[in-house]
Amino acid sequence: MSDKKIYEGKAKILYETDNPEEILVYYKDDATAGNGAKKGTIADKGIMNNKMTAFFFDLLAKNGVAHHYLRVISDREAIVKKLTIIPLEVIIRNVAAGSLAQRLGLAEGTPMRLPVIELCYKNDELGDPMVNRYHVLAMNFATDDELTAIQNISLKVNDVLKNFLKEKKVDLIDFKLEFGRDKDGKVILADEISPDNCRFWDSDTKEKLDKDRFRRDLGGVEDAYKEMLRRLTGM
Ligand code: ADP
Ligand code: UDP
């Protein structure tokens with residue numbers, strides 16, 4: 001296998017493989033917050049996020065959601081379908097928290113009548129600014145049909161994850177998804193699903209079991225990731 005690095009991001013590294021349609025994803029322990037302003041590491045995060053992402057993608061596949069994960073090949077490595085990433089961060093929210101709570105002056109934990117979908121232009125230098133459907137179409141980030149597919153898949157992912165997590169006594173507060181186009185132009189769910197990009201709260205105590213423990217210096221960061229992995233897989 002060739003080990004040509006394609007890209008190093010904040011949490012993962014992408015490598016070429018011998019198969020031009022597949023790439024290797026390596027999960028690091030590096031953690032950032034505030035668009036890179038705060039940096040640190042979370043012990044074994046890469047191992048736990050690789051496992052949790054594989055678990056969630058398996059669950060989604062069983063529920064008819066197409067995604068990029070092909071196989072896990074080591075603790076920190078997975079092979080995924082190479083996609084052209086659509087430059088959008090798609091945020092799905094069930095309960096007001098984080099930037100939404102701040103923006104609308106709501107207490108964190110305020111329930112909402114319907115899931116909310118927000119679109120952000122994926123651009124670190126600009127701080128991932130929020131955009132709407134008009135911006136996406138005008139800038140040609142995605143087509144109308146692609147946006148409709150993204151919206152439908154996002155709501156389906158939300159239903160599957162929310163219902164599954166409920167049984168594990170976890171509230172799915174919000175999460176971020178990314179999508180890409182495969183070689184036939186089909187929109188496919190990409191990237192990762194882990195405590196790095198989801199807010200998970202214990203259903204009874206509302207304790208945070210996600211990266212907010214790192215972002216907000218709450219302590220117990222590793223233990224929160226471990227607890228999520230345990231609830232999902234029993235590991
Ligand atoms: P960031 O780029 O925000 O620092 P990461 O460290 O997680 O984030 O880097 C992983 C990168 O891989 C992201 O930019 C993501 O868009 C990209 N990516 C995820 N899945 C795929 C895929 N299947 N094909 C190509 N790129 C992907
Ligand atoms: N999120 C993410 N990457 C980002 C921004 C947000 O994965 O660059 C996730 C975050 O983990 C949370 C959801 O998207 O689950 C909503 O985040 P929010 O907009 O509230 O941002 P924050 O409070 O982190 O600034």
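Some notes on this structure:
- Enumeration of residues in the range 17-33 that are assigned to a strand (DSSP E or B) and in contact with a Gly (Cβ under 9 Å, 6 or more places away or on another chain): Y26, Y27, D30, A31, T32, A33
Rundown of residues vs (1) of a type outside the set (V, I, T); (2) surrounded by fewer than 17 Cβ atoms within 10 Å (Cβ to Cβ), yes/no style:
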residue	(1), (2)
V90	no, no
R93	yes, no
S99	yes, yes
L104	yes, yes
L114	yes, yes
D128	yes, no
H135	yes, yes
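- Which listed residue is within 11 Å of ligand 2 (Cβ to nearest atom), of a type outside the set (A, V, I, L, M) and at positive phi, from G127, G109, G105: G127
- Residue selected from the range 180-208 under the condition hydrophobic (A, V, I, L, M, F, W, C) and crowded, with 24+ Cβ neighbours inside 10 Å, by the criterion farthest from ligand 2 (Cβ to nearest atom): L189
- Exclusive hit being under 17 Å from E222 (Cβ atoms) and surrounded by fewer than 17 Cβ atoms within 10 Å (Cβ to Cβ), set A43, A31, A11: A43
- Counting only helices (runs of 4 or more DSSP H) that sit completely within the range 128-235, those holding 2 or more residues that are of a type in the set (D, E) correspond to 144-167, 221-233.
- Note on the range 156-194: residues that are within 16 Å of ligand 1 (Cβ to nearest atom), closer than 21 Å to L70 by Cα and not hydroxyl-bearing (S, T, Y) amount to 19.
- If the condition is being closer than 15 Å to D58 by Cα and buried (at least 19 other Cβ atoms within 10 Å of the Cβ), then the range 161-173 contributes L161, L165.
- Residues that are out of contact with any helix residue (DSSP H, G or I) (no Cβ under 7 Å at 6 or more places or on another chain) and part of a helix (DSSP H, G or I) were ranked within the range 57-73; the one that is surrounded by the fewest Cβ atoms within 10 Å (Cβ to Cβ) is K62.
- L14 vs. criteria out of contact with any helix residue (DSSP H, G or I) (no Cβ under 7 Å at 6 or more places or on another chain), closer than 29 Å to D212 by Cβ and in a strand (DSSP E or B): yes
Every number in this text was worked out from the coordinates using simple rules, so none of it is lab data. Just so it is clear, the model here is predicted, and its values are computed rather than measured. Note: ideal-geometry Cβ built from the backbone for every residue, glycine included; neighbour counts use all protein chains shown.
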